[in-house]
Each structure stands twice: as C-alpha cells, then as structure tokens.
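The structure appears below as structure tokens.
Throughout, read-outs are computed from the coordinates displayed, never taken from laboratory work. On a predicted model such as this, the values are computed, not experimentally measured, just so you know. In this analysis, Cβ positions are derived from the backbone assuming ideal geometry, glycine residues included, and neighbour counts consider all displayed protein chains.
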Amino acid sequence: MEKESYFFCLSSMKDFICDNLTKIRHTNVVCEEMQEIPQAVKPVLKREELVLTSPRCDAVVAKVFSLSRSKVIPLFREKKIFVGGRVYENNSGILKEDDVVSVRGYGKIIYRGVLRETKKGRYTIAVDRFV
C-alpha cells in the first residue's frame with residue numbers, strides 16, 4: 001500500500017533532504033521534488049466579512065472565533081495568539097493587511113483589512129478563515 005506525504009523546505013535544503021531521507025522509522029521512503037503544490041494539499045479558505053466597533057486585534061479575534069473580549073484577553077496573556085508566526089501579546093494592536101493570525105485551540109485566519117466604515121462608525125473587515 002502506497003501512501004503519500006508532503007514536506008515543505010527551503011530550496012537550499014532540498015538536495016540534502018532528497019539525498020538523505022531514505023527511511024522513516026522502519027519504512028523505506030522515496031523523496032522527490034514537486035514543482036507545483038498538489039490540490040489536495042492546498043489550504044481551503046473561506047472569505048468572511050464582519051462588522052466590528054474597532055479594528056483592534058482583540059476585537060478581530062473575538063468576533064472571528066465568537067468569543068467575548070473578556071475571554072480573549074487571557075489568550076494574549078497565555079501566549080496563545082500568534083501573528084505572522086510570532087507570539088503576539090499586544091491585545092490593543094492594530095493588525096496589518098494580510099497578517100496571518102493563529103489562535104491556539106481555535107483556528108487560523110488571514111486578516112484582509114478594513115473594507116469600509118459604516119454610517120454609525122463601525123468597521124467592516126474581511127478575513128479568510130482556514131477550513
């Protein structure tokens with residue numbers, strides 16, 4: 001029975017990995033370079049538009065994951081929120097367009113930015129949620 005697995009690495013490491021990755025535990029493996037990412041591996045994103053009172057990071061996380069702001073604050077203190085792959089402790093910070101926000105235990109989104117401001121001064125934002 002053949003199974004497939006995909007491994008992403010830096011192009012400078014590809015030759016070393018392909019030459020030396022021959023066995024995983026007791027299983028012989030064949031390593032080959034792929035030019036394109038197979039459709040089965042590509043992430044599936046779902047676009048969402050949300051209305052917020054503020055474009056602050058804590059407000060975005062609370063709205064996207066259906067949490068109250070008071071439940072989001074401890075997530076910042078517990079270092080469970082990452083922006084761009086780094087721990088993000090500034091709950092009042094403003095996210096930049098295309099920031100990747102990951103909340104451990106809840107999910108991951110790409111913040112696409114503020115689309116418009118409503119008549120009542122609220123903000124409509126767009127996010128892509130990883131499904």
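Does Ser54 satisfy the criteria of being touching a residue at least 24 places away in the same chain (Cβ under 8 Å) and either of a type in the set (Lys, Arg) or in contact with an Asp or Glu (Cβ under 8 Å, 6 or more places away or on another chain) (or both)? Judged against the criteria, Ser54 is not a match. Remark: pairs (first residue in the stretch 64-93, over 16 Å from Ile110 (Cα atoms); second residue surrounded by 12 or more Cβ atoms within 10 Å (Cβ to Cβ) and among the small types (Gly, Ala, Ser); Cβ separation under 8 Å; 6+ apart in sequence or on different chains) = Ser68/Ala62; Arg69/Ala59; Arg69/Ala62; Lys71/Ala62; Val72/Ala62.
Looking only at the stretch 76-102, which residues are more than 17 Å from Glu48 (Cα to Cα), surrounded by 15 or more Cβ atoms within 10 Å (Cβ to Cβ) and under 10 Å from the mean Cα position of the chain (by Cα)? Within the stretch 76-102, Phe82, Val83 meet the criteria. In the stretch 4-22, the residues that are more than 17 Å from Pro38 (Cβ to Cβ) form Cβ pairs under 7 Å with partners that are among the hydrophobic types (A, V, I, L, M, F, W, C), at six or more places apart or across chains, as follows: Ile17/Cys9; Ile17/Cys31; Cys18/Cys31; Leu21/Val29; Leu21/Cys31; Thr22/Val29. If you go through the stretch 3-57 and keep only what is within 19 Å of the chain's Cα centre (by Cα), farther than 30 Å from Thr124 by Cβ and among the hydrophobic types (A, V, I, L, M, F, W, C), you end up with Phe7, Phe8, Cys9, Ile37, Ala40, Val41.
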